[in-house]
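Engineer: Take this structure, written in structure tokens, and hold onto it; I'll ask about it next.
The values are calculated or read from the model by the stated rules, or taken from the named source; none is laboratory data. Quick caveat: nothing in here was measured; it's all calculated off a predicted structure. Using ideal geometry, Cβ is built from the backbone for each residue, glycine included, and neighbour counts are taken over all protein chains shown.
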Amino acid sequence: MKFMTKFLVHSFAVCLLLSASMLNGESKNMADYTLRIRIFSKDATTFYYMRNVQESKGDGRGDLFEGDGVIGVDFNYACGEKFKTSFAYETYPARWKKPGQVLTVLLPVFGKANNYFTCNFNTAVKDYAYTRHNGQLGPISPEKYKAWMAKYDYDPVHGKNTPRNLSAADKANENGPPPAVAAPPTTPPASAPATPPAPTQ
């Protein structure tokens, strides 16, 4: 009887572990994520219980790199952890769960090195990509974006995560507009010498 009880308890524990694995069943293996997403912006509302994050919900915009192509995506999400937007040209690993509709993104856990969690983004795929110009987000054709990538050797899908030999304008637009620079003071033109009056007769 005792053996049977122990067996049942052990079996129940195994079932609980398997259930937990299935609920969080997305792979954490980086090699399984062949796409990259650069997250430009997001709005978030975070819910806490006993000071622990329970859920973070919101929406955002980003560029999705797939193969040698790039497209813009709008997305909404409900994650079990908080995450940050991309810094400069940083990207996150991703893969399609439902092509064109649901994107699974592999994100780092705050304060825990080499720990990741997954979050599903419900996506609306655009026919253009996003770019930042003078601190503002705007559209750019995928063809122009790919030409820019080739020029600066930027291809995050294939491990080229940082553009090379960026122009000053591109560097300034990485994370917003450059600070305004005051114009140097101008020197007033020298006044012409006064013309002496004509002599009187």
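Engineer: If the Cβ limit is 9 Å and pairs must be 6+ apart or interchain, which residue in the stretch 148-173 that is within 11 Å of TYR89 (Cα to Cα) and in contact (Cβ under 8 Å) with a residue 60 or more places away in the chain pairs with which residue that is surrounded by fewer than 17 Cβ atoms within 10 Å (Cβ to Cβ) and among the basic types (Lys, Arg)?
Structural biologist: TYR154/LYS160; TYR154/ARG164; PRO163/LYS151
Engineer: If THR131 passes every condition in (1) under 24 Å from GLY67 (Cβ atoms); (2) outside any strand (DSSP E or B); (3) at pLDDT below 95 but one, which one does it miss?
Structural biologist: (2)
Engineer: Scan the stretch 106-125 residue by residue and report those that are in contact with a Leu (Cβ under 9 Å, 6 or more places away or on another chain) and either over 14 Å from ASN29 (Cβ atoms) or of a type in the set (A, V, I, L, M) (or both).
Structural biologist: Across the stretch 106-125, the qualifying residues are CYS119, ASN120, PHE121, ASN122, THR123, VAL125.
Engineer: If a residue must be in contact (Cβ under 8 Å) with a residue 60 or more places away in the chain, small (Gly, Ala, Ser) and not in a loop (DSSP other than H, G, I, E, B), how many such residues does the stretch 78-107 contain?
Structural biologist: Total satisfying the criteria: 1.
Engineer: Within the stretch 59-79, take every residue that is acidic (Asp, Glu) and within 13 Å of LYS146 (Cβ to Cβ) and give me the one that is surrounded by the fewest Cβ atoms within 10 Å (Cβ to Cβ). Lay out the reasoning, then the answer.
Structural biologist: Going residue by residue through the stretch 59-79, those that are acidic (Asp, Glu) are 59, 63, 66, 68, 74.
Next cut, within 13 Å of LYS146 (Cβ to Cβ) only: 63, 66, 68.
Details: ASP63: 24, GLU66: 16, ASP68: 11.
In this case the residue turns out to be ASP68.
Engineer: Quick one: is ASP155 at negative phi, of a type outside the set (Phe, Trp, Tyr) and at pLDDT below 90?
Structural biologist: On the way: at negative phi: yes; of a type outside the set (Phe, Trp, Tyr): yes; at pLDDT below 90: no.
Answer is no for this residue.
Engineer: If you check TYR145 against the conditions, is it among the hydroxyl-bearing types (Ser, Thr, Tyr) and either exposed (fewer than 15 other Cβ atoms within 10 Å of the Cβ) or part of a loop (DSSP other than H, G, I, E, B) (or both)?
Structural biologist: No, not satisfied.
Engineer: Step by step: first the residues of the stretch 91-116, then only those that are modelled with pLDDT of 95 or more and farther than 25 Å from TYR154 by Cβ, then the one that is surrounded by the most Cβ atoms within 10 Å (Cβ to Cβ). Which residue is that?
Structural biologist: LYS97
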